[in-house]
Amino acid sequence: MKQAALLLLACLSLPALAEEVGEVSTTFKLLSPNDKVVVEAFDDPSVQGVACYVSRAKTGGYKGAMGLAKDPSRFSVACRQVGAIRFNKPIPPQEQVFKEGASFVFKHVRVVRIVDPKRNVLTYLTYSDKLVDGSPDNAITAVAVLDQKIPLKK
């Protein structure tokens, strides 16, 4: 019973999973999948009422079809209030809320929530990392929390 509770807790603390909202082709490839830009949505796992949308490039071709391509580090993020904002518990000042692979191994797209307590704002930063050399490309968005103080974990 104790192990099941720990497993459930571990699953609840994992970064959010995204669902694909749509995609557009950016190049045409006759015999293999096109290069494209995909839009994915996920809900902040610790803040009810906030949803984020990430757009990112996905490499097509034969390598892309087999999951072996290295996707470019070009992406954008937009997070919005989509309902009443609720905090189930205090949140850390900085926390990874999304992670998805951008190549066969070692490269990921990440979204980190950073709290700005002075302005009572949730900021969301997206970037990519690699085992050896990450990319400085990044994007940021912010959601103001107007009706309550953001509860911070100390």
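Where a number appears in this text, it was derived from the coordinates with a stated rule and is not lab data. The structure presented is a predicted model; accordingly, all values stated were derived computationally and were not measured. Neighbour counts are summed over all protein chains in view; Cβ atoms, including those assigned to glycine, are modelled from backbone coordinates with ideal geometry.
Give me, ordered by chain and number, the residues 5 or more places off PHE98 or on other chains with an amide H under 5 Å from its own placed amide H.
ALA16, VAL111
What are the ³J(HN,Hα) couplings of the stretch 53-58, residue after residue, when phi is run through the Karplus curve with 6.51, -1.76, 1.60 and θ = phi - 60°? Round to Hz, x for glycine and proline.
With the stated coefficients, the stretch 53-58 comes to 10, 10, 10, 8, 7, 10 Hz.
Amide H to amide H, which residues 5 or more places from VAL82 or on other chains are under 5 Å from it, using H placed in the peptide plane?
For VAL82, whose amide H was placed from the backbone, the distant partners under 5 Å are VAL50, ALA51.
Ordered by residue, what ³J(HN,Hα) values in Hz, to whole numbers, does the stretch 140-154 give under the Karplus form 6.51 cos²θ - 1.76 cosθ + 1.60, where θ = phi - 60° and Gly and Pro are x?
9, 8, 9, 10, 7, 9, 9, 9, 6, 7, 5, x, 9, 6, 9
Could you give me the ³J(HN,Hα) list for the stretch 25-33, computed from phi with Karplus coefficients 6.51, -1.76, 1.60 and θ = phi - 60°, whole Hz, x at Gly and Pro?
7, 10, 9, 9, 10, 5, 10, 9, x
What nm value, rounded to one decimal, do you get for the distance between ILE140 and LEU152 when each label is placed 7 Å out toward the C-beta?
Modelled inter-label distance: 1.6 nm.
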